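Q: Got a structure for you, questions after.
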Amino acid sequence: MSVDISRGGLLVTRAIFGVVVYELRTVLDFVGVELPIIPYMGAVFVLAGASVWYVTLKGGWRTEPEPDEPA
């Protein structure tokens, strides 16, 4: 079974998620709750590794579309 995810789509999704989490960290810092950057960066790398592992486990990247069957 192959996961129907392109590498670009996964990278864009992770980038958007990372920006949202970073902005949440910035808002919390403005309110007065200081969070260190190192655990945030570590979590980003763990998320990236886990997503690549999941896609590899499910059958790999979609590199070319399935060929059409003759009528």
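Q: Go over the candidates Val31, Val19, Val12 one by one and state the one that is on the phi < 0 side of the Ramachandran plot and either over 17 Å from the mean Cα position of the chain (by Cα) or of a type in the set (Phe, Trp, Tyr) (or both).
A: Residue meeting the stated conditions: Val31.
Q: Given the criterion modelled with pLDDT of 75 or more, assigned to a helix (DSSP H, G or I) and surrounded by 12 or more Cβ atoms within 10 Å (Cβ to Cβ), identify the matching residue among Val12, Val19, Val27, Val44.
A: Going through Val12, Val19, Val27, Val44 in turn, the sole match is Val44.
The values are calculated or read from the model by the stated rules, or taken from the named source; none is laboratory data. Please read these numbers as outputs of a predicted model, since none were measured by experiment. Here Cβ is always computed from backbone atoms with ideal geometry, including for glycine, and neighbour counts include all displayed protein chains.
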